[in-house]
Amino acid sequence: MKKLEMLYEGKAKRVYKTDDVTKYWIEYKDDATAFNGEKKGSIHDKGIVNNKMSALLFKVVEASGVPTHFESLVNDREQIVKAVKILPLEVIVRNVAAGSLAKRLGLEEGYTMNETVLEFCYKDDALGDPMINEYHIAAMNFASKDQVALIKTYALKVNEILKAYFMDKGLNLIDFKLEFGDYNGEVILADEISPDTCRLWDSQTHKKMDKDRFRRDLGDVESTYQEVLERLTEGSTHA
Ligand code: CDP
């Protein structure tokens, strides 16, 4: 497959066309942003961690019956994916209160909720990805009701799969963000699953093992990203 012209450059990835119209070529960058682009920096070799980790987790998810855009790894930083049209929604799944939810509801970070919480945000950087509900999604035609129903089922299923998977590696899955795409009328999981898009806390020490180390200047940013990838690829049990 040939890598052709760049279609889009995002905050963490570049997307290229290929000589196959049904496939995109994704390149993961080391660039890191937070607080809606206000904080900018770079995390050495983050692109490698996120590319490899997304590939691994998309395979795990796919094997459990949730279709994903992942096709194959090209090299350390690049992968081939299905050419989807991304739905303008960020789907946030929360098991434990943290980040914006803890702030909004005045909860202590780490508060364990009775049930998993699903949130939708409208994917628009200029607006700061505002939170929306299913009425907004229908009214603005961001996705159909059938698509939303499927997205909810898939998001909860991904949560169950990943919670168990991370638990085996000594990591608690606190919350994460998913994006879905339309592939010839079919809804499939797209974007990435990485320490940039998940909150992961060490099960024993509760150390933050994710992008909060960068957002909050907690130190050990690079080494923590590397450790997460090592735990996932080692196959050993840390629990
Ligand atoms: O990260 P922040 O506190 O600003 O927002 P949040 O709503 O608490 O984020 C919930 C989860 O979604 C975290 O794991 C974030 O890393 C992830 N997220 C993301 O990957 N991209 C966004 N645009 C927003 C949240």
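Those strands (runs of 3 or more DSSP E) of segment 109-226 in which at least 1 residues are farther than 24 Å from F58 by Cβ, considering only elements entirely within it, cover 112-122. Meeting the requirement of 1 or more residues that are surrounded by fewer than 14 Cβ atoms within 10 Å (Cβ to Cβ) and modelled with pLDDT of 95 or more, the strands (runs of 3 or more DSSP E) wholly within segment 1-100 are 3-9, 39-42, 70-73. Examine segment 199-215 for a residue that is within 15 Å of the ligand (Cβ to nearest atom) and surrounded by fewer than 21 Cβ atoms within 10 Å (Cβ to Cβ), and state whether such a residue exists. So far as segment 199-215 goes, yes, one or more of its residues are within 15 Å of the ligand (Cβ to nearest atom) and surrounded by fewer than 21 Cβ atoms within 10 Å (Cβ to Cβ).
The values are calculated or read from the model by the stated rules, or taken from the named source; none is laboratory data. Here the structure is a predicted model, which is why all the values come from computation and not from measurement. In this analysis, Cβ positions are derived from the backbone assuming ideal geometry, glycine residues included, and neighbour counts consider all displayed protein chains.
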